[in-house]
Amino acid sequence: MESRVKKPWGYEEIWAKTETYIGKVIFIEPGHRLSKQFHKRKEETVYVVRGTLLNYDKNDVVTIHSEGDSLPIKPNQVHRFGAKEDS
């Protein structure tokens, strides 16, 4: 299973999806970011294909992830992804 979903900030490719889990590869245009979100039941795994991913937590503290990194997002974990301007 693989599907591409276009978004205002880029797109995501979903490679696994169940009622409680989603695996995806996301592409965020440089300088863009997603809205802050959390999921009550869904768990995600995000893989950084290239560039630098900025991950904002509920307090807007940023962690930086590089090409080849994957990160799990647990239910109720507030997150917001962005891409550096020069990615």
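The values are calculated or read from the model by the stated rules, or taken from the named source; none is laboratory data. This is a predicted model, so every value here is computed, not measured. Don't worry about glycine lacking a Cβ; one is built from the backbone with ideal geometry, like all the others, and counts go over all protein chains shown. The accessibility values were calculated without ligands, DNA or RNA, using every heavy atom of the protein model including side chains. Shrake-Rupley method; radii C 1.70, N 1.55, O 1.52, S 1.80 Å.
Pairs are defined by a Cβ separation below 9 Å, a sequence spacing of at least 6 or placement on different chains, a first member in the range 1-29 that is in contact (Cβ under 8 Å) with a residue 12 or more places away in the chain, and a second member that is aliphatic (A, V, I, L, M) and open to solvent by 100 Å² or more (accessible area, probe 1.4 Å); the pairs so defined are Ile14/Met1; Trp15/Met1; Ala16/Met1; Lys17/Met1.
Restricting the search to the range 68-87, which residues are charged (D, E, K, R), out of contact with any Leu (no Cβ under 9 Å at 6 or more places or on another chain) and at pLDDT 90 or above? Correct list: Lys74 only.
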